[in-house]
Each structure stands twice: as structure tokens, then as C-alpha cells.
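Here is the structure we will look at.
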């Protein structure tokens, strides 16, 4: 694709560049010689003949010739550069160099340098990787680089971003599932349920019922009215409200709230729904880094050296 | 504009002139000996330093890849760049001071351009002979003998230049490994480039360019006249003595091809070769030395004694440069000596202002970037203060290997109700358990949601 909207600009740039270089060459050549008068002694005068303010004359003190050579070298450099690299309008240059290509080259180099290290871990079970102190240090750095923006440096999350250090998992906490979450991302959707439940009062009743599931203070009358309405929620959260990891539907009985557990917040969640996205990191990080990251995240809520984990 | 004049004759002149080869005659004397002492001193240092070992590694290594500069026991990180700036300022004022007192001392004795030109000239003399032999050789047609001499000279120059380039790169990449790679012709592309580039620069500047570097390329040569005054020591010809026998020795030994008898010229690098040459001639004709000597303009015009010259040493310009030089040098040494090899940066997590945890405590999250710039590992304790009841909710002991960095996520908790809502200044302190002097603090902010 051309960088310009019209071919005119291509030629505009080309012309200015070429004329500029040619102009430099002509200037150099024309200024390397000078006509002076022959003095009375038969020798050329020592001045250039330029006189200002009646008697201020410019002496001719020649510059070293190699200096002029350097000037011509800059012109040669410019021509060679413009043949090899992009610069002359939309001409791409013989080497086909691109800034994006330079970046990819560095990424390839980094992958070649660090690839073997991650390949070594990739051959190991994630729980085994979690016991490796070096892998833990790498995982911590990767986490701080890529995950901490949303989940926090301490991995304890934020409103809308899950805490990764508790035993509560939306999609499951097995190492392989964590890795899948990192690789493919997650898209958690709770549709707006206000209309399905009925009136605002129904929504409030269900909210109180949901709070009662976690043993939080709730109005018993509203709980009683809300309980039968919960059927609309059970499709995803289950009749027992224990959630469904296949859908990423949260357990509503464990006091863990992604957006907050106050009645107002729960009502807002019910009325407006929630849309939650964890981006897919597989393509960006590659499987090796995702593997090490999964081990790190798993170790935040599990003791990798515990006997049952070491099986 | 002048009025119209009849143009009689014109000639075309060149605005650029070819360099005229200068063949300086070899000179012996106390100043030449001083210069050779400088050559030995600087070059033993330059070629030798990369091979010195310290604590099982290269003593002086500027590891650009790892961004760590090792100077014996000192490890400098990019954060220590200020020391490099300090060093450059000290060098600059050192030059100013010396130049004000004694002119172009640096140029004449210690500048790499002078030092390598001296080495290359020495090689040239051993192979092609003395000044007159070299001038003859220049005029000769290209015989096999001339080809042999020139070839041998350039080979020898090239060897010295390559060794110089190799030593230079040896400061940036471990020199022993570099040596193995060079012997096996397996240098990396950048190492090969810099070895060859630095070798080429040495060969070109000391073999071919020589005085052209001083006359046309060196910026220092251009602005140092600003530091000269009538009490600055310069290489001077005492015309009033009238002892000159016109032997032209001073011209023949001059590496920049000038005649010092025409007074101070910008080409003069203050090498004093003409003083040595003239002194030896004066000795032979039984006249007192010092027809050409280090003297100040005032001393020459007033016929001052050495004591009178020395009395002008403490003039405002010298005192000014001296004070600045010693003040900066003292501040630099002090800062370097008192430097704590431990650094701390605190980055507050921006995702959340603050949160309430189970027991009602208010919690903020920080990332502590701890840099152990010492050579060995240390165990550090983290501490926070500045707000009542503030405490660290995580492991407060952190171990760092020598010359390493670690980012540590830290949660700080404050009991509710002890401070008003809003932001409060707090302070993190990291201190080594085994060394109380290893201790740094950094400010941060604790936010209590309103």
C-alpha cells in the first residue's frame, strides 16, 4: 500500500530529495574553485577578491582536500542509502527493510535466545514447573509485566478482575484450565435479567435472596419472595447457585464477589448484566510463557511442595 | 562595492588544498622523554587493564548488554550515569586549569592523537629511516625496495592498530573470550566491526591524518585559546636574544610543520620538540639554553625571572578554575565513596485506589523495585512507616543475589478509622540484615477510600 493518498506526493518527495542531493553536489563542485586576479608579482592574489566595508578582504585559506572528499562521501552515502532503504517517495528500497520487520527480527532473536528455556519447562507438568524456583521467578516477572495491570501486582484482583490467590475459580483452578484461560482468554457474559425477573421489586427480592446464600444480612421477607424467582438464574448458576465452571458462571454462595456484594451492586448486576473479557494471550506470549505463567498463578493458591500436589 | 575596474588577468585557484606530508625529525631531550613517559604510562594502562582480574572476573568491564559497568569493586548501573557526567566535568575543568597555567599540555603529551602518532612515527623511523631518508623515499620511484619498506611499515602499523582495536573492544566484552574468538576467526559481527573500526581509526589518524586531526578536526584545539592569557606558559621563541643560527632544526622536528620563530600559531600543539632541538643546538654552539622555551607573553616582553612568572600563577582565572575543579572532584569522590549499593523504586498499583479486606483493614498494593548493586547477595527487610498502624501484609524478608534486580509486590495494611479518607504520605525502607549501612528509603502514597 502506498503511504500517500495521491501519486503526486510521491513525486513531490522524490523531486525534492533528488534535487537536494544534486544541488549539494553542484554547490560543492562550483565552490571548489575560484577566479582571482593575478597580482603585480605575477602570482594569483592571496585573497578571494571579496571586499567588504572598503578594506575588509577575504583571504583564501584553503581547506584540506580530504575534507571536500568527506562532503562528496556524504552524497555517495545518501545515494546508496536511498537505493537500499525506503526514503525516496514510496520506493521501498532494495533491502526491503521495514520498521515492523526490524521488530519481528528482534522478537525472533529473543525467541531463539530464550526459546530453549521455555521448551524445557513445556516438557514438564505444570505442577512440576511450579516447584522450580527459577520458573517461579520468571513467572513472577511475566505476571508483573502482562497480568498485573488488571489483576494487580499482588494478583488479588480488582473490581471486575478476579482475585487469583483464593481457591475460587470461575472456570476451574486446575493447572491445565488456568493455562487454557491464559492461552485462549475468556468471555464471561451475564445477560441483563431485569425483564425476565419482572418488576424492580422482584429484582430487589432476588438480590436479597442471593445475599442470603452467602450468609450475608438480608431481609427474610424479600428472601422468601426472591427464592422462587431465582429459577431464571439457575440455568447458568445452578439450582444450588454453586455456579458452572463450563460457562464461567460464578458460585454465588462463597462470599466472593467480582463486582461487589452489596444489595445495590447485585441489583445493578441483575438489571444491566455483566460483560467480562480476559484477552487471549496465546498468540502474543506463546505456549512456553503461558505454561510458566500458569504454574506461577496456580502456585498462588496452592502449595506446589505439598505432598498431594507432588504426585 | 568598488567601482568598475578593468580586469587584467585572472587565474583559477583551488579552495581545497592537498595535505603536504610532514616528516618530523627525531628529537631527544627532556620534553621528548616526558612525552615517551606519558606514552608508556597511558598505553601500559590502556593495553593492560582489560587483562587485570578482580574477584574472579575482569576488573574493568563495561558490559553494555547487561547494562553494568564493572570498575574493580565498583558496579555502576544506568542509574549511576550521573557519575559519568561528573567524571566528564572533572576532566573538562582539569583541562581548563592545566591549559590556563601551561597551555596545550594535554595536546603535547597525553592526547591519544599525539601518543599514537608518536608510536607510529617510531615504527616509521625504524623501517624507513630518519627524516632525510623518508623524504628521499617519498621522491623515489616505486622500486621493489620502496614497496618492501612501505609494505612493512603499513603491516606494522596495521598490527598495532588491530591490537589497539582489540584492546578497546576488550573493555566492553570479556577480553579472554574475545581473544579466543579472534584467534578462531569467530568474532561476532558487532565485535568484529568495532575492532576493525577502532583499528581503522587508529591507523588512519596516527598513520595518515596526524596533524590534520589537530588542525581541522579537534574542537578542543579551537576553543582553548579562550583559556589563554598573557600569563599562560606557551612554547615561545625569544627573538630578543638574537642567538638564532638559522639551523632550522626547530622547523624540522615540528610535527605540525610550523616555524615557532613566527610566534604562537594555532597549529602549535605545545609538544616542545622545538625546545629540545634548539637546546641541543645551543649546547653545541656553547650558548645558553632557552632560546626557545616555555615562557609567558608577559615574561618575554618584561624579561621576567622564573620567580616572577610563578608569582602570577595565583591569578583569578587560575583560582577560579582550580576552585571549581577541586570542589567538583571532592563532591564526586565523596558521592562515590558514600554511595549506597542499594536502590529502591516504589510503584503504586494504579488499578485500585485502595480496598477493604476481610477484617476491615484498608489495603494498598505497591510494587517495590529493589536493586542490589553490590557484588554479593544480601537479605533485606522491608519496612513501612508514615501512617499509624501501617504494616506489610506479606513476607517482609527479600533475598537478592549480587548485582541483581527484583520487583516485589507488597501489600500495605492500615487499621480502619486511624486516618481520614484521602491520600497519606508513607515511606518504604529497605535495609540489609547483615549491614546496617545498607539502607534506602523511598516515598509513596497510601490512599484510604472516602
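Within the option set B:191, B:211, being within 23 Å of residue A:67 (Cα to Cα) and buried (at least 19 other Cβ atoms within 10 Å of the Cβ) holds for one residue only, B:211. When B:221, B:226, B:192 are checked against the criterion of being assigned to a helix (DSSP H, G or I), away from every other protein chain (no Cβ under 14 Å) and under 25 Å from residue B:170 (Cβ atoms), B:192 stands alone in meeting it.
Within the range A:177-200, not a single residue is in a loop (DSSP other than H, G, I, E, B), within 14 Å of chain B (Cβ to nearest Cβ) and at positive phi. In the condition set (1) under 21 Å from residue A:141 (Cα atoms); (2) part of a strand (DSSP E or B), residue B:394 is compliant with all but (2). The condition of being farther than 18 Å from residue B:432 by Cα and in contact with a strand residue (DSSP E or B) (Cβ under 7 Å, 6 or more places away or on another chain) holds for only one of B:389, B:405, that being B:389.
Yes/no matrix, rows are residues, columns are (1) within 14 Å of chain A (Cβ to nearest Cβ); (2) at pLDDT 95 or above:
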{"residue": "B:327", "(1), (2)": "no, yes"}
{"residue": "B:336", "(1), (2)": "no, no"}
{"residue": "B:362", "(1), (2)": "yes, no"}
{"residue": "B:386", "(1), (2)": "no, no"}
{"residue": "B:391", "(1), (2)": "no, no"}
{"residue": "B:406", "(1), (2)": "yes, no"}
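Screening the range A:132-146 for residues that are more than 14 Å from residue A:121 (Cβ to Cβ) and out of contact with any strand residue (DSSP E or B) (no Cβ under 8 Å at 6 or more places or on another chain) and picking the one that is surrounded by the most Cβ atoms within 10 Å (Cβ to Cβ) gives A:143.
Counting only residues that are touching a residue at least 12 places away in the same chain (Cβ under 8 Å) and closer than 18 Å to residue B:22 by Cα, the range B:203-246 holds 10 of them. Is it true that residue A:119 is touching a helix residue (DSSP H, G or I) at 6+ places or on another chain (Cβ under 7 Å) and assigned to a helix (DSSP H, G or I)? Spelling it out, residue A:119 is indeed touching a helix residue (DSSP H, G or I) at 6+ places or on another chain (Cβ under 7 Å) and assigned to a helix (DSSP H, G or I).
For residue B:173, are the conditions met, namely being assigned to a helix (DSSP H, G or I) and surrounded by 20 or more Cβ atoms within 10 Å (Cβ to Cβ)? So residue B:173 does not fit the description; no. Quickly run through the range B:1-39 and pick out the residues that are modelled with pLDDT of 95 or more, within 23 Å of residue B:247 (Cα to Cα) and out of contact with any helix residue (DSSP H, G or I) (no Cβ under 8 Å at 6 or more places or on another chain). Correct list: B:33 only. Across the range B:410-427, the qualifying residues are those that are away from chain A (no Cβ under 14 Å) and within 22 Å of residue A:153 (Cα to Cα), and the one among them that is nearest to the chain's Cα centre (by Cα) is B:427. Here residue B:263 fulfils each of the conditions (1) touching a helix residue (DSSP H, G or I) at 6+ places or on another chain (Cβ under 8 Å); (2) within 24 Å of residue B:34 (Cα to Cα) apart from (1).
When residue A:133 is tested against the conditions (1) within 30 Å of residue B:209 (Cβ to Cβ); (2) within 14 Å of another protein chain (Cβ to nearest Cβ), the lone failure is (1). Within the range B:127-149, the residues that satisfy the criterion of being in contact (Cβ under 8 Å) with a residue 12 or more places away in the chain and in a helix (DSSP H, G or I) are B:127, B:128, B:131, B:134, B:135, B:137, B:138, B:149.
Residue B:280 falls short on exactly one of the conditions (1) under 19 Å from residue B:30 (Cβ atoms); (2) touching a strand residue (DSSP E or B) at 6+ places or on another chain (Cβ under 7 Å), and that condition is (2).
When the residues of the range A:167-176 are filtered to those that are assigned to a loop (DSSP other than H, G, I, E, B) and surrounded by fewer than 16 Cβ atoms within 10 Å (Cβ to Cβ), the one that is modelled with the lowest pLDDT is A:167. Residue A:205 meets the conditions (1) surrounded by fewer than 18 Cβ atoms within 10 Å (Cβ to Cβ); (2) assigned to a helix (DSSP H, G or I); (3) not assigned by TED's automatic domain parsing to the domain that holds residue A:284 in every case but one. The failed one is (1).
Taken over the range B:195-208, the criterion of being within 14 Å of another protein chain (Cβ to nearest Cβ) and either crowded, with 20+ Cβ neighbours inside 10 Å or in contact with a strand residue (DSSP E or B) (Cβ under 9 Å, 6 or more places away or on another chain) (or both) is satisfied by B:207 alone. Quick check on my filter: what residues within the range A:25-45 are touching a helix residue (DSSP H, G or I) at 6+ places or on another chain (Cβ under 6 Å) and more than 14 Å from chain B (Cβ to nearest Cβ)? Correct list: A:25 only. Applying the set (1) within 14 Å of another protein chain (Cβ to nearest Cβ); (2) crowded, with 19+ Cβ neighbours inside 10 Å; (3) farther than 12 Å from residue A:299 by Cα to residue A:149 leaves exactly one unmet item: (2).
Counting only residues that are surrounded by 14 or more Cβ atoms within 10 Å (Cβ to Cβ) and in contact (Cβ under 8 Å) with a residue 60 or more places away in the chain, the range B:63-75 holds 4 of them.
Scanning the range A:46-86 for residues that are in contact with a strand residue (DSSP E or B) (Cβ under 9 Å, 6 or more places away or on another chain), touching a residue at least 12 places away in the same chain (Cβ under 8 Å) and within 11 Å of chain B (Cβ to nearest Cβ) turns up A:46, A:47, A:48, A:49, A:60, A:68.
The values are calculated or read from the model by the stated rules, or taken from the named source; none is laboratory data. What you are looking at is a predicted structure, and each value in this text was computed from that prediction instead of being measured. Positions of Cβ are backbone-derived with ideal geometry, glycine not excepted, and every protein chain shown enters the neighbour counts.
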